[in-house]
Amino acid sequence: MKMKKALKRLQRVEDLLDDVLQQFEASPQEVRNLLDGAKANVSSAAVALTSEAPAKPDKAGLKLAKKPVVAATKKARTAAKSA
């Protein structure tokens, strides 16, 4: 799953847990503690996911890196054909 989609889903889950906590304020303390813990875990998962975000590779740098390999293979092929 892509990071952006995962973050959206985690945000949606966090919003749902907020709604449940607000609707059931009169619920027993044990239930509230469990819901608070679940919300904290979802929040920490979202933070961990954003901190692991890999940097996007530079496309121009990738093209430059591929060109010498292509040129070398072309030279090898032409040398093989002429031999």
### Query
On the given criteria, is residue 47 among the β-branched types (Val, Ile, Thr), modelled with pLDDT under 80 and either at negative phi or surrounded by 12 or more Cβ atoms within 10 Å (Cβ to Cβ) (or both)?
no
### Message
Could you check the range 1-15 and list, in sequence order, the residues that are of a type in the set (A, V, I, L, M, F, W, C) and either farther than 10 Å from residue 46 by Cα or not in a helix (DSSP H, G or I) (or both)?
### Response
1, 13
### Query
Looking at the range 19-35, which of its residues are more than 19 Å from residue 7 (Cα to Cα), in a helix (DSSP H, G or I) and of a type in the set (Asp, Glu)?
30
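The values are calculated or read from the model by the stated rules, or taken from the named source; none is laboratory data. These numbers come from a predicted model, not from an experiment. Note: ideal-geometry Cβ built from the backbone for every residue, glycine included; neighbour counts use all protein chains shown.
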